[in-house]
1. Scan segment 243-286 residue by residue and report those that are at pLDDT below 90, under 23 Å from the mean Cα position of the chain (by Cα) and within 22 Å of Leu320 (Cβ to Cβ).
2. Among the listed residues Ala75, Ala83, Ala104, which satisfies the condition of being at pLDDT 80 or above and among the aliphatic types (A, V, I, L, M)?
3. Restricting to segment 315-338, give me the number of residues that are open to solvent by 60 Å² or more (accessible area, probe 1.4 Å) and not in a helix (DSSP H, G or I).
4. Identify the residue in segment 31-56 that is assigned to a helix (DSSP H, G or I) and modelled with pLDDT under 85 and, among all such residues, is nearest to Arg13 (Cα to Cα).
5. Say whether the condition of being at pLDDT 85 or above, in contact with a Pro (Cβ under 8 Å, 6 or more places away or on another chain) and either of a type in the set (A, V, I, L, M) or closer than 20 Å to Asp42 by Cα (or both) is met by at least one residue in segment 107-121.
6. Can you confirm whether segment 162-173 contains a residue that is touching a Gly at 6+ places or on another chain (Cβ under 7 Å) and touching a residue at least 40 places away in the same chain (Cβ under 8 Å)?
7. Given the conditions (1) of a type in the set (A, V, I, L, M); (2) over 21 Å from the mean Cα position of the chain (by Cα); (3) open to solvent by 60 Å² or more (accessible area, probe 1.4 Å), and given that Leu179 satisfies all but one, which numbered condition is not satisfied?
8. Can you give me the number of residues within segment 110-131 that are exposed (fewer than 14 other Cβ atoms within 10 Å of the Cβ) and either touching a strand residue (DSSP E or B) at 6+ places or on another chain (Cβ under 8 Å) or assigned to a helix (DSSP H, G or I) (or both)?
Amino acid sequence: MSDQKSQAIVQRRLLALESIRRLSGRSERWVTVADIVQDLKDQGYAVEVHSIRRDLKSLLETYQQLECNDNSNQAGDSISGLAHGYRWSGKDNQANGGITLPEALSLVMVERYLSQSLPVLLTRSLHDIFNKAHQTLELHKKSLVTQWPEKFCVIQPAQPLIPPELSHEILVVVHEALLNEKQLHVTYLATNREDAKQKEYRLHPQGLIQRGPVTYLAAMTNDYEDVYLYALHRMKTAQVLEQECRHKPAFNLADFAEKKGHFGSALAIHFKARICDHLALMLEETRLSENQIISPVDDSGYREITADITNTWQLRWWILGEADRIEVLEPEELRLRISESLLKCSQQYQNEEEAPLR
């Protein structure tokens, strides 16, 4: 028997034991083989009745806290109305089944999609748990649940960008300061231009914002009260200070990210535009706002949309990306900015002299 198969059997037996302990509960009711099999299948395990019967026979010889109500004939049928069952009578020593299949699946998905959101200091200790999660899925490859990570993928509805190079040491320091609510001394380069100069700041961390491939630290600077965003990859040095960081009263990171995380004025505007029918169909499925209204198609084949939204750079990029499929009507300032951008773009693509044909 291979080591992997042996490990799978051991884990299956522990899971069956854990199932009995949980299902029998404080009432210590008798749990049938059918109950155990159904419980494990509900968790995503591919198990068979005959395998569980063999497992229970072995477990009875190992665990004194496991009791068996052997009230059945050789066919497994009940003799006096009480079905053949098991229960866990241990009070202090409880069975430990390790990581269950649902837990392993959750951990693998967390590692894949949320690991960058976890504090680096905690991620180190979670490394072994993530490894155990992968091992658990590997041991139960017969279960269709283990194939879920290959059946789920996340893509961003934007041009893929390679994340900027970020120092792991600086990331650790920033996470430490944020986690322990300490001030942070950084050397910061506002841009990567050759003539840019590094500046030193004493930051009061308020939270981290992940915007696409870039991680920003929301923080108050020196003795100022306003919160600004600092890109972690532009921090050249970082040091945790002994002093406690200040907190901005009534500051909410989610609200701040919604208003400032996409840059722009963050002011609420009443947006009005003419859009083609195809874009209208898309926006009916994924709305710009809760109060969005789209009119019927007019004689020109276009429709009118109104919505109360936030004025951000992201909004402008989206409008410019839709090009001739949308015409901004209101507010006037946004219409002028889009018009100027499109005019400059058109001029870049126009040649003063047509190149001769070859």
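1. Selection gives Glu258, Lys259, Lys260, Gly261, His262, Phe263.
2. Working: Ala75 fails: at pLDDT 80 or above; Ala83 fails: at pLDDT 80 or above.
On inspection, the qualifying residue turns out to be Ala104.
3. Counting residues in segment 315-338 that are open to solvent by 60 Å² or more (accessible area, probe 1.4 Å) and not in a helix (DSSP H, G or I) gives 2.
4. Just the residues of segment 31-56 that are assigned to a helix (DSSP H, G or I), to begin with: 33-42, 49-56.
Cutting the leftovers down to modelled with pLDDT under 85 gives us 39-42.
Numbers: Asp39: 13, Leu40: 11, Lys41: 14, Asp42: 16 Å.
Across segment 31-56, the extreme among qualifying residues is Leu40.
5. Checking segment 107-121: at least one residue is at pLDDT 85 or above, in contact with a Pro (Cβ under 8 Å, 6 or more places away or on another chain) and either of a type in the set (A, V, I, L, M) or closer than 20 Å to Asp42 by Cα (or both).
6. Taking segment 162-173 as the starting set, the residues that turn out to be touching a Gly at 6+ places or on another chain (Cβ under 7 Å) are none.
No, the conditions are met nowhere in segment 162-173.
7. So the condition that Leu179 fails would be (2).
8. 12
The values are calculated or read from the model by the stated rules, or taken from the named source; none is laboratory data. Quick caveat, the model's predicted, so the values are computed rather than measured. All Cβ positions, even for glycine, are placed from backbone atoms using ideal geometry, and neighbour counts span all protein chains on display. To get the accessible areas, we keep the full protein, side chains included, count just its heavy atoms, and leave off ligands, DNA and RNA. Shrake-Rupley method; radii C 1.70, N 1.55, O 1.52, S 1.80 Å.
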